[in-house]
Amino acid sequence: MTARGLLTFRGGLAGALAPFGVFLAGVTTLALAGAPDERGFWPVLLLALAVGLAAARDRTAYAEAMLDGMSDRLVAVMVLAWLLSGVMASLLGASGVVPALADATQRTGVRGGGYVAAAMLTCALVSMATGTSFGTILLCGPLLYPAGAGAEAAPGPLAGAILAGATFGDSLSPISDTTIASSGTQGVDIAGTVRARVPYALLAGGAALVVLTLAGSAGATPAGLPAVADGADMRALLMLGSPIAVIALLLGGRHLIEGLMAGIVLAVVMGLALGLLEPSQLLSIDRAAFGAKGLVTDGLQRGVGVSVFTMLLMALVGPLRQSGVLERMTQWVGAGAEAAPQSAARTEAGIVATVTGAAMLTTHSVVAILAVGDVARRVGTTAGIGGYRRANLLDLAVCTVPFVLPYFLPSLLAAGTTRGASGMPALSPWEVGRWNLYAWGLMVVLAGAIVTGWGRGRRT
């Protein structure tokens, strides 16, 4: 809370939450109508901010609170990480990594459930390498889902496996936005956070892999289609050395920005040396358009949509913080922690419930973590919960509900990649989300860890 005091709104609590009502209504409408990405939500956020400004009794204070929300240091870290990750993803995509992975999968001759399992593992690898579930869905879905017709894979489990693999990699990658946000808000290092998260992710991921493999042949119709990735350059698989190097650097304790910059440089050098990239692809002058184009600018553009979306969302969250509403929403968690420091399970359940509620309110996992991170750190510390544990409660919680509900972007994007796939049916966001067995499994693992205390003993 700043020295300016609490913000007040006409209509009290209803007035404070009115901007989020506008936001949720607009986002849900656009999402169900097929809004392609975060850019479609920008106008809705501007409208929500205008409603909040009109409802505020002190509009100057409201505007200052908006700027406070946007200027959070972690927001700056996230924006830079998204931009740099976008460049690396652009380089890997242009080099042919995903077609090579798809081709390698098809060459093994796996069918049915085996193909579904291979699709999940491929997406998990790409997601861990790029740190983005959205990018993984958009890169892998259009290749792996249509190829499932020829591999006799059941449509629902296959689409779910693509989303599940993307979710798994996103939840475990050290360059994932949720990893950066959760560790940053709890004041712990990324490497230790990821190492502490591995058992939970592997348990949920292993269970999802087994069930999806078993379900992968049910209801499939042989189509005998040609391999979608036929003729891929298998040398592109060597480009995976770049994200592997990034992950190794981060797990070794190097700074996030240093690791990403090193990965970009390595990807450029390897791509040029292997003949998979041409210098002109990296950056060239478009004289007709009076500008520059190439993989670098394309990669930066990848991060623009989510960056602006996040900044505008944080501008919406800033006044909510300044009004004290978030503090009141989480007061019962703090009261439980302070009144009974030994009740760690209750405090952990409160942290998970609060960040889940924030994700439902904002439809954005990172913003949810940033919104409640301070509260989670304060009450968690009071209850004796270690920093790694707190970070993983936040991260794992936002990798569950937002990855299964039909009005969140992961399910919408995954469903979008099923449209127009020859030999395979188009699926709805709900059908895809309900087959994301990793997210469902993670809910069970998270609940079990809270109830039993599994993994709670580790301290930072």
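The values are calculated or read from the model by the stated rules, or taken from the named source; none is laboratory data. Everything numeric in this text was worked out from a predicted model, so none of it was measured. Quick reminder, even Gly has a Cβ in these numbers, built from the backbone with ideal geometry, and neighbours come from all protein chains shown. Side chains included, ligands, DNA and RNA excluded: accessible areas come from the protein's heavy atoms. Shrake-Rupley method; radii C 1.70, N 1.55, O 1.52, S 1.80 Å.
Given region 140-285, what whole percent of its Cα pairs are spread farther than 23 Å?
Taking all Cα-Cα pairs of region 140-285, the fraction more than 23 Å apart is 55 percent.
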> How far is helix 190-215 tilted off the main Cα axis of the chain, in degrees rounded to 10, range 0 to 90?
Replying inline: 60 degrees
>> Show me the ranking of peptides 379-388, 68-77, 81-90 by mean Cβ neighbours inside 10 Å, starting with the highest.
In response: 81-90, 379-388, 68-77
> At 222 nm, what helix-only mean residue ellipticity would the chain give, in deg cm²/dmol to the nearest 500, using -39500 (n - 2.57) for each DSSP H run of four or more?
Replying inline: -23000 deg cm²/dmol
> Helix 73-95: angle to the longest alpha-carbon principal axis of the chain, degrees 0 to 90, nearest 10?
Replying inline: 10 degrees
>> From the mean inverse distance of alpha carbon pairs (Kirkwood) and the Cα radius of gyration, derive Rg over Rh for the chain.
In response: 0.98
>> What percent of all Cα-Cα pairs in region 27-175 falls into each 10 Å bin, going from 0 up to the bin containing the maximum distance?
In response: 11, 29, 28, 18, 10, 4, 0
>> Before I look further, what does the chain give for accessible area per residue, probe 1.4 Å, in whole square angstrom?
In response: 38 Å²
>> Tell me the angle of helix 177-186 to the major Cα principal axis of the chain, expressed in degrees between 0 and 90 and rounded to the nearest ten.
In response: 30 degrees
>> What's the ranking of 182-188, 434-440, 305-311 by average number of surrounding C-beta atoms within 10 Å, highest first?
In response: 434-440, 182-188, 305-311
> What order do you get for 252-260, 344-352 when each peptide is scored by the mean count of other beta carbon atoms within 10 Å, highest first?
Replying inline: 344-352, 252-260
> Taking amide hydrogens as modeled 1.01 Å from N in the peptide plane, which residues meet the under 5 Å criterion relative to THR418, leaving out close sequence neighbours?
Replying inline: LEU427
